[in-house]
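What follows is a short report on a single structure.
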Amino acid sequence: QVQLVESGGGLVQPGGSLRLSCAASGSIFSINAGRWYRQAPGKQRELVAGITGGGSTNYADSVKDRFSISRDNTKNTMYLQMNSLKPEDTAIYYCYADLLRNGLYYGTGYWGKGTLVTVSS
């Protein structure tokens, strides 16, 4: 069964950077449209950034100009580059994607299990 696996989370100081990755398991699967969400303790999950199949991107106002979403189809991986991190960015980050299988539409609504980002001095 195909899975999405996030990586790249960790502890970083305010002002620092991290790059999150979201990879689809199995070389025949690739990410078409995708999104990054986050959920901070005691808060609802919120959309952080999205990328369409055509490569258009959108961002939450709180991360605009600091975060960048991208996709590398050769590696079947979606990324979230996070710069100028703030303590309020602390959360579990989840990826969500629509998948292609051998280049053809496979399905929608796949979630990763999340990766923790902690921004603290």
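Only the coordinates and a few stated rules stand behind these numbers; no lab work does. Everything numeric in this text was worked out from a predicted model, so none of it was measured. Note: ideal-geometry Cβ built from the backbone for every residue, glycine included; neighbour counts use all protein chains shown.
Computed quantities for the displayed model
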{"read-out": "Among P14, P87, P41: highest mean-square fluctuation, GNM of the chain, C-alpha pairs under 10 Å", "value": "P41"}
{"read-out": "Gain upon complete extension [S68, S56; 0.36 nm per residue less C-alpha separation]", "value": "3.2 nm"}
{"read-out": "Positive minus negative residues near L99 (Lys, Arg vs Asp, Glu; Cβ under 14 Å)", "value": "+2"}
{"read-out": "A40-S121 pseudo-label distance in nm [points 7 Å out on the Cα-to-Cβ vector]", "value": "1.8"}
{"read-out": "Whole-number Å³ per residue for the convex hull built on Cα positions in segment 1-57", "value": "128"}
{"read-out": "Qualifying lysines (Cα of each under 25 Å from Cα of K64; at least 8 residues distant if same chain)", "value": "K43, K86, K113"}
{"read-out": "Of Y94, F67, V12, farthest towards positive along the dipole that unit charges on Lys, Arg, Asp, Glu beta carbons give the chain", "value": "Y94"}
{"read-out": "Inter-part distance where segment 19-33 and segment 70-121 are each reduced to a Cα centre, Å", "value": "9"}
{"read-out": "Segment 48-108 - Kirkwood radius from inverse mean 1/r over Cα pairs (Å)", "value": "13.0"}
{"read-out": "For the chain, convex hull volume per residue from C-alpha positions, Å³", "value": "92"}
{"read-out": "Charge dipole (debye, nearest 20) of the chain; +1 at Cβ of Lys and Arg, -1 at Cβ of Asp and Glu", "value": "120"}
{"read-out": "Under 15 Å from K75, Cα to Cα: aspartates and glutamates that are on another chain or at least 8 residues apart", "value": "E6"}
